[in-house]
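Okay, structure first, notes after.
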Amino acid sequence: MMKKTLALAIASVFLLAGCGSSADTVESDPAAYNKCLETEAAKWLDETGSNLDYANEKAAEACADLQ
């Protein structure tokens with residue numbers, strides 16, 4: 001009985017460790033991030049007529065998930 005419980009515990013550890021891996025992590029792409037910053041800043045400047053610093057700040061917020 002003890003051997004079955006130990007074998008089940010070891011199998012559970014490997015099963016849970018295998019399911020817990022984060023293989024779907026997204027690598028950052030500097031070119032995509034820079035393009036996003038450029039595009040979003042241009043949108044803010046065109047749409048609001050705001051200053052460049054404000055537009056860059058808003059662009060950085062919009063593109064934060066790519067970084």
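Observations, loosely collected:
- If the segment from Asp53 to Gln67 were pulled out straight at 0.36 nm per residue, it would be longer than the present Cα-Cα gap by 3.1 nm.
- Highest-first packing order for the peptide set 44-53, 58-67 is 58-67, 44-53, based on the mean count of other beta carbon atoms within 10 Å.
- Annotation: extensible slack from Asp46 through Ala32 equals 2.9 nm (criterion: 0.36 nm per residue apart, minus Cα-Cα distance).
Every number in this text was worked out from the coordinates using simple rules, so none of it is lab data. What you see is a predicted model; the values in this text were computed from it and never measured. Neighbour counts are summed over all protein chains in view; Cβ atoms, including those assigned to glycine, are modelled from backbone coordinates with ideal geometry.
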